[in-house]
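Following: one structure in C-alpha cells, then a few remarks.
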Amino acid sequence: MVLVFGMTAFLSAQDKSTGTRMTGTICDQKCVKHDADKAACDTTCTEQSGEAVFLDDKGKAWKITNPEICKGKMGKKVKVKCKTMEDQDSMEILSIYG
C-alpha cells in the first residue's frame, strides 16, 4: 500500500514538471478588454508596451514571466505548453504551437 501511494505521489509530481497545455490568445496587456469578469484581446489595438499576457479560452488573463518567447505572436490564437503559478496568476511559457 505504501508503495502504491509513493508511486502515485511520484507520478503526480512528474506530470507537473512536464507542463500544462492551454489554448488562448497572446495579447499586449494594454489591449486587454474586460467584460463580465472575462478578458478578451482587442485585435484592433496597436499598443506595444511589451507586457505580454496570455488570455485562456475561459477568459482568464495570465501574466507571462518570459515575454521574449511571444515575439511575433501578439494578437494570435495559439496553443502553449506552460508552467502556471496560480497564486500569482502568471505563467512561464515552455513552448508555443501555432
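Here are the numbers for this structure:
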item: Of all residues making up segment 29-38, the number that are among the charged types (D, E, K, R) and part of a loop (DSSP other than H, G, I, E, B); result: 1
item: Residue in segment 27-58 that is modelled with the highest pLDDT, counting only those that are surrounded by fewer than 15 Cβ atoms within 10 Å (Cβ to Cβ) and among the polar types (S, T, N, Q); result: 44
item: Candidate set from segment 64-98 (those that are over 11 Å from residue 24 (Cα atoms), of a type in the set (Lys, Arg) and at pLDDT below 95); member that is surrounded by the most Cβ atoms within 10 Å (Cβ to Cβ); result: 73
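The values are calculated or read from the model by the stated rules, or taken from the named source; none is laboratory data. Source: prediction; values computed, not measured. With ideal geometry, Cβ positions are generated from the backbone for all residues, glycine too; neighbour counts draw on all protein chains shown.
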